[in-house]
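Please read the structure below before turning to the comments.
The values are calculated or read from the model by the stated rules, or taken from the named source; none is laboratory data. Note that the structure is a prediction, hence the values are computed from the model and not measured. Don't worry about glycine lacking a Cβ; one is built from the backbone with ideal geometry, like all the others, and counts go over all protein chains shown.
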Amino acid sequence: MSHGIRIHAHGGPEVLRWEEVPPGDPGRGEVLIRHTAIGLNFIDVYERTGLYKGALPLVPGREAAGVVEEVGRGVRSLAPGDRVAYAYSKPGAYVQQRVMPAERLVRIPQGVSDRLAAAAMLKGLTAECLLRRVWRVRRGQVIVIHAAAGGVGLIALQWALHLGAIVIGVVGSEGKAAVVRERGCAHVVVGDTDDLASRVREMSGGLGAHVVYDSVGRDTWSASLDSLRPRGLMVSFGNSSGPVPPFAPLELSRRGSLYLTRPTLFDYIRRRTELESAARELFDLIGRGTIRIEIGRNYALQDAAQAHRDLEGRQTVGSTVLLP
């Protein structure tokens, strides 16, 4: 019998329970996967706490890799034994086995391990979305990446440097600053972001950033807006410190006719062609060594509660993987 982590009420990490979770049989267009590695993301925390609402009971998790065990009717693109990975719009990854739509799966390229694929899919596709489509980063542009030593941050940092951007990485400690500097980030802001705007202007010749990528939310909101040059773009894509409070659109005008967007990855990979194109570029850069995926920690899936505690406590660097 397949087991997994399920929640029956919203709350702290203690609500994560190890239970039997039957996967069911694959229907038309579906496959049964045996998970070999599961990615940990802040969206899992949001689902657990109820910030992102979902019907209970709920199995968290949006990202995993594994092996196809059984295919349903009409599936021609995959066969038992194929190694696959996914980032999916619906939760349910914290299990040993899962039924998934075949069209939402991508093959794992040769030379890429299952753990690496699980660590890279949602975070890497998010980075691709942010840098290539939400704002198409070009050589010489100044960009700010919050949580630059985190899962999305480290991937986006390396990708942006590859594109020729001037990257300012914001991190919470000197230890994390060393990590991003080792990845090539020459401009790093450590700790308190009260003076972030002045630091960004100092590093950008007094002009400010073209775009700020902010996954932190409430605690960095004002500093991020103040770091932008006129007509710059604020990309708010996370809430690790809590959701951004309501604000008046006039604040964007006062700071120089700024733009604001709140993108969701799954709106950018709705079509199969979009998913394939993004995954192909991601795995190509990983395969060439342009992007190095940092797996900071591995946990047994049964220990998901501790993994959540460490993620929320800013104790993790890079990607974290749960092992079924």
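Remarks
- Checklist (1) among the basic types (Lys, Arg); (2) surrounded by 15 or more Cβ atoms within 10 Å (Cβ to Cβ); (3) assigned by TED's automatic domain parsing to the domain that holds residue 60 applied to residue 229, failing item: (3)
- Here 231, 181 are screened, and the one residue that is assigned to a strand (DSSP E or B), closer than 24 Å to residue 132 by Cα and without any contact (Cβ under 8 Å) to a residue 40 or more places away in the chain is 231.
A quick yes/no check of all residues on (1) polar (S, T, N, Q); (2) at pLDDT 95 or above; (3) more than 27 Å from residue 47 (Cβ to Cβ):
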residue	(1), (2), (3)
180	no, yes, yes
187	no, yes, yes
191	no, no, yes
201	no, yes, yes
209	no, yes, yes
218	no, no, no
225	no, yes, yes
238	no, no, no
242	no, no, no
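- Among the residues of segment 290-314, those that are modelled with pLDDT of 95 or more and among the hydrophobic types (A, V, I, L, M, F, W, C) comprise 291, 300, 301, 304, 305, 307.
- A single member of 92, 111, 66, 74 is over 24 Å from residue 305 (Cβ atoms), without any contact (Cβ under 8 Å) to a residue 60 or more places away in the chain and among the small types (Gly, Ala, Ser), and it is 74.
- If the condition is being under 20 Å from residue 299 (Cβ atoms) and touching a strand residue (DSSP E or B) at 6+ places or on another chain (Cβ under 8 Å), then segment 1-19 contributes 2, 3, 4, 5, 6, 7, 15, 16, 17, 18, 19.
- Top-ranked residue of segment 24-51 - restricted to ones that are of a type in the set (Gly, Ala, Ser) and more than 19 Å from the chain's Cα centre (by Cα), ranked as surrounded by the most Cβ atoms within 10 Å (Cβ to Cβ): 29
- Segment 195-205, residues that are more than 21 Å from residue 178 (Cα to Cα) and not in a helix (DSSP H, G or I): 204, 205
- Residue match in segment 63-75 (condition: loosely packed, with under 15 Cβ neighbours inside 10 Å and under 26 Å from residue 271 (Cβ atoms)): yes
- Segments classed as helices (runs of 4 or more DSSP H), wholly inside segment 240-294, with at least 1 members that are basic (Lys, Arg) and either touching a Ser or Thr at 6+ places or on another chain (Cβ under 9 Å) or outside the structural domain of residue 157 (by TED's automatic domain parsing) (or both): 272-287
- Residues within segment 93-127 that are within 17 Å of residue 158 (Cβ to Cβ) and surrounded by fewer than 24 Cβ atoms within 10 Å (Cβ to Cβ), tallied: 2
- Members of segment 251-274 that are touching a residue at least 60 places away in the same chain (Cβ under 8 Å) and closer than 30 Å to residue 10 by Cβ: 261, 263, 265, 266, 268, 269
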